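The values are calculated or read from the model by the stated rules, or taken from the named source; none is laboratory data. Model, not experiment: these values are computed from the prediction. Using ideal geometry, Cβ is built from the backbone for each residue, glycine included, and neighbour counts are taken over all protein chains shown. In case anyone asks, the SASA skips ligands and DNA or RNA and just uses the protein heavy atoms, side chains included. Shrake-Rupley method; radii C 1.70, N 1.55, O 1.52, S 1.80 Å.
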Amino acid sequence: MHSSLSLSFSATSSSAATVSRSRHSFHSPSATPLNLRFCGLRRQAFASGLSSSLIRHRSQLTPRPHSAAVSAALSSNGTPPKSFDYDLLIIGAGVGGHGAALHAVEKGLKTAIVEGDVVGGTCVNRGCVPSKALLAVSGRMRELKSDHHLKSFGLQVSAAGYDRQGVADHANNLASKIRSNLTNSMKALGVDILTGFGTILGPQKVQVGSSNKIVTAKDIIIATGSVPFVPKGIEIDGKTVITSDHALKLESVPDWIAIVGSGYIGLEFSDVYTALGSEVTFIEALDQLMPGFDPEISKLAQRVLINPRNIDYHTGVFATKITPARDGKPVLIELIDAKTKEPKDTLEVDAALIATGRAPFTQGLGLENIDVATQRGFVPVDERMRVIDANGKLVPHLYCIGDANGKMMLAHAASAQGISVVEQVTGRDHVLSHLSIPAACFTHPEISMVGLTEPQAREKGEKEGFEVSVAKTSFKANTKALAENEGEGLAKLIYRPDNGEILGVHIFGLHAADLIHEASNAIALGTRIQDIKFAVHAHPTLSEVLDELFKSAKVKAQASSPVSEPVAV
């Protein structure tokens, strides 16, 4: 998800006249800017404000007296064990840890995975998986409620309705099924699943849970993921002021909900809530909605996903304080101007969803025992995911993948990083190109992207001295899209006309999330446009949108210089 949510905080709090409707953003006490590019681009988060959010999610990490066995392990902090229980130990059984574990077994490594919560991590239990179940419902509701769309097919359908608990059960059942699948797949391959939180005691040593159990491994991967980021000044009650963790349970469908943040998380939930009948107000700190998307795609997406729907918005404002509904009073949101810090107004809504990105889940890992200092909560790593200590030196045999390192906060990026690490520890050097990793927003229609946005590409071209060109195709020219009466959409290619290198591809339209992979694989493999033009696509399919896109590009030389190796970021 190449989305960016940029937020700033100040110590000013304010109140203003109460309004019955409005459009907004959030605010928190601190003067440090926060730029959470949580959907695929690099992250910058501020230090203050993260810790309180993390502590709420890891109360079991309070200091406890060390047993004799643990104390003995700590006393030999700088000395690795002479023999090991495992070849590879992974702390965290989310999608990243699972991907690493399966690849490790394939490579012949004796592998264990430590999990203190439930297998599947955020993605399976509180993220990607249940959210797609809710979005599947919202997509069908939109079709059933669109008389114009149905009449164009010659269909007649009576009034559509839904059972809230049935929808919630669908999301929960899907998460349970996928969680079971992940668990069974690891057990079937002989991966040991160790229950408890993993704490690093020293080189190649991990304590599991609160017991005296100490496990050693030749190599260790940290894959602890992230938790919802909640700025100061926002009081979460889990009922009327909620995070995505709570929203996915769908315990209620409020008449009017404010969504703080218009990145991927906010956009997807706006799709769900409006399909189920809610009014939505976006609160965005920046001057435009959907920051971080390619501007042209963002403009089209706003015209289709926001303007025609029961959504209003406020941009360029902070919410200094959000108070849950209580004693018969609604949720209160106090707003100030992002630039002047002057009071704007106070909103009264039925509920508020905090979609301000995610924070790394790294407290209590025992990183101090190996002299590793986090950076705004993230574990510092190099391009090979090797952990870097406080002195800038690599920590031997220790790696960190996924949201915990902040390079690219996506489940599939975590899995790719884990596979890359396993390649390294089994003797094959491997550097992952993050610019080739796609991202998607599963709204209706979908948004997907890989590589650079047009402004980023032009900035890069100006610095490095090469020309940048853009090609576009419309879904309105695609037979399959027209057959589905889904002609609203655009595909955009950003490339170098001198050598045919693909710099970025952005798609807004039907099944955009599925279409992006041809472009992402081309970037990963270094395939040039003049070569991919000869690829054959079945007709009539949506894939022809990409076929036409590549064919429309104007590369100056057929025999161009080879594209350089992708640079890891």
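Look through Lys151, Lys177 and report the one residue that is modelled with pLDDT under 95, in a helix (DSSP H, G or I), out of contact with any strand residue (DSSP E or B) (no Cβ under 7 Å at 6 or more places or on another chain) and open to solvent by 40 Å² or more (accessible area, probe 1.4 Å).
None of the other options fit; the residue is Lys151.
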query = Just wondering, is there one or more residues in segment 102-110 that are part of a helix (DSSP H, G or I), open to solvent by 60 Å² or more (accessible area, probe 1.4 Å) and modelled with pLDDT of 95 or more?
reply = yes
request  = Kindly provide the set of residues from segment 536-552 that are open to solvent by 30 Å² or more (accessible area, probe 1.4 Å) and either at pLDDT below 95 or part of a helix (DSSP H, G or I) (or both), ordered by number.
outcome  = Glu544, Glu548, Lys551, Ser552
request  = Kindly list the number of the only condition in (1) open to solvent by less than 30 Å² (accessible area, probe 1.4 Å); (2) of a type in the set (A, V, I, L, M, F, W, C); (3) more than 21 Å from Val387 (Cβ to Cβ); (4) over 27 Å from the mean Cα position of the chain (by Cα) that fails for Ala188.
outcome  = (1)
query = Does His430 satisfy the criteria of being in a helix (DSSP H, G or I) and over 24 Å from Val545 (Cα atoms)?
reply = no
ask   = When you look at Ser138, is it of a type in the set (S, T, N, Q), open to solvent by less than 70 Å² (accessible area, probe 1.4 Å) and in a helix (DSSP H, G or I), yes or no?
value = yes
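May I ask you to say which residue of His511, His517, His506 is under 20 Å from Leu435 (Cα atoms), within 24 Å of the chain's Cα centre (by Cα) and open to solvent by 50 Å² or more (accessible area, probe 1.4 Å)?
Within the list His511, His517, His506, the selection yields His517.
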ask   = Would you pick out the residues in segment 520-534 that are surrounded by fewer than 19 Cβ atoms within 10 Å (Cβ to Cβ) and assigned to a helix (DSSP H, G or I)?
value = Asn521, Ala524, Leu525, Gln530, Asp531
ask   = Of the residues Ile336, Ile297, which is open to solvent by less than 20 Å² (accessible area, probe 1.4 Å) and more than 22 Å from Ile265 (Cβ to Cβ)?
value = Ile336
